[in-house]
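One structure is given here, and the rest of the page talks about it.
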Amino acid sequence: MFASLPSLPRSLVAGTALFLLPVGCTSTQGAQVDDARLTQEGSAARKPRWGLVIHGGAGVISRENLSPEREAEVRAALQQALAAGHGVLAQGGTSLDAVSAAIRVLEDSPHFNAGKGAVFNHDGVNELDAAIMDGRTRSAGAVAGLRHVKNPIDLARRVMEQSPHVMMMGEGAEAFAKAQGVELVDPKYFYTEERWQGLQRALEKERATPAPGTTPSTLRPGYDPVTGDHKFGTVGAVALDQAGNLAAGTSTGGMTNKRYGRVGDSPIIGAGTYADPRCAVSATGHGEFFIRYTVARDICARVEYQELPLPEAANLVVNDVLVKAGGEGGVIAMDRDGNVAMPFNSSGMYRGYVGEDGQPHVAIFKEPEDAK
């Protein structure tokens, strides 16, 4: 039922799905032990006939600034998303349905920068983006700049299935949402005190910028001047269903304190979201780099044209191409044979995986062993 992935160089193995944590591991100490143990197992990854992979954002996520209570809540939300997607797949549902179900759970959680937990832009408004893609047909739908749609991933799918277009934005997208009966909410629904305070800290730091027009390193996207963490809180999912079809989806609230209608990579097909018959990818990170280097498509193109194993292709793009360019973040990916990759070039990425056995695995941190 399972097969091992091809052996990979150590530099390529680091940060992949080989380091998933057992569900029962919720304490920081336990996480350290199990991550290190799984790291030492090398390339002994299992390959399912079908399954689901999710992420909840990457960045400099430190153990010191993530309380045990918060960690437990994040892990529980990831497990809930995995269970939702697995439930669809186990009943013979499509990869598109599984991706949508998993992402809706993450959008409804205040712990991730998507849906309910979206960050605020410079004007104190939540603006949400999302995309979904069907690997079997390469149909895709994307939305940007939403302010009233409860679950942006649902509207992205409506764009894909109920319109001749790929991307809609702003008021036009919300008019389409209303016409389609997609659930709309008062903007107050997206308010969380944590995100609001994050904006206030960002504005205060901005006011302290040394000179007009300059952007010190401490103002990089996702930076929290109080905790010192850099987080890219996008959520995403990729799935392979029992019919052998792949799908990918991504949803985000963008970056704290963003201006001028900025849109990142998440809703851009080929940058933050991509799926074809061979490969599916959802990304999280500094969107401008993922757009410039068409990260999601690049990974799948290497699988298609160079015939690289998926883990090798994903690691090459994330840990070589992006690193050399100065881009931070990670991806989740799955191929038509059930191979899984979760590379990231930051210290952590909220991530999880479930195969046909229904046993969910989640992880957050990158261990020191991963850097060797």
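Would you mind checking segment 117-147 for residues with the amide N under 19 Å from a putative spin-label position 7 Å along Cα→C-beta of residue 207?
So the set is 120-125.
Per residue, how many Å² of accessible area does segment 286-372 show with a 1.4 Å probe?
Using a 1.4 Å probe on heavy atoms only, each residue of segment 286-372 averages 35 Å².
What shape does segment 86-157 take by its C-alpha gyration tensor, where a ≥ b ≥ c are the square roots of the eigenvalues and a/c under 1.5 counts as rounded, a/b above b/c as prolate, and the rest as oblate?
oblate
Accessible area of segment 267-357 with a 1.4 Å probe: how many percent of it is carbon plus sulfur?
47
By how many nm would the segment from residue 69 to residue 200 lengthen if fully extended, with 0.36 nm per residue of separation less the alpha-carbon distance?
Gain on stretching residue 69 to residue 200: 44.7 nm.
Counting only protein heavy atoms and using a 1.4 Å probe, what share of the accessible area of segment 54-147 belongs to carbon plus sulfur, as a whole percent?
Ligands and nucleic acids excluded, carbon and sulfur reach 47 percent.
When you count, for each residue, the other Cβ atoms within 10 Å and take the mean per peptide, how do 93-101, 121-129, 285-293, 265-273 rank with the highest first?
Going by the mean number of other Cβ atoms within 10 Å, highest first, we get 265-273, 93-101, 285-293, 121-129.
Ignoring ligands, DNA and RNA, what accessible area per residue does segment 111-193 give at 1.4 Å, in Å²?
Result: 43 Å² per residue.
Kindly flag which residue pairs out of 116/324; 188/366; 205/366 have an alpha-carbon separation exceeding 31 Å in this structure.
116/324; 188/366
How do 274, 260, 191 rank by accessible surface area computed with a 1.4 Å probe, from largest to smallest?
260, 191, 274
Report, in whole Å, the centroid distance computed from the Cα atoms of segment 69-141 and segment 313-366.
16
Is segment 119-180 best put as rounded, prolate or oblate by its Cα gyration tensor, with a ≥ b ≥ c the root eigenvalues, rounded for a/c under 1.5, and otherwise prolate when a/b is larger than b/c, oblate when not?
Because a/c hits 1.5 or more and a/b exceeds b/c, segment 119-180 counts as prolate.
In terms of the Cα gyration tensor, with a ≥ b ≥ c the square roots of its eigenvalues, is segment 231-372 rounded because a/c is under 1.5, prolate because a/b exceeds b/c, or oblate?
rounded
The values are calculated or read from the model by the stated rules, or taken from the named source; none is laboratory data. Everything numeric here is computed off the predicted structure, so don't read it as measured data. Here Cβ is always computed from backbone atoms with ideal geometry, including for glycine, and neighbour counts include all displayed protein chains. Accessible surface is based on the protein model in full, side chains and every heavy atom, while ligands, DNA and RNA are left aside. Shrake-Rupley method; radii C 1.70, N 1.55, O 1.52, S 1.80 Å.
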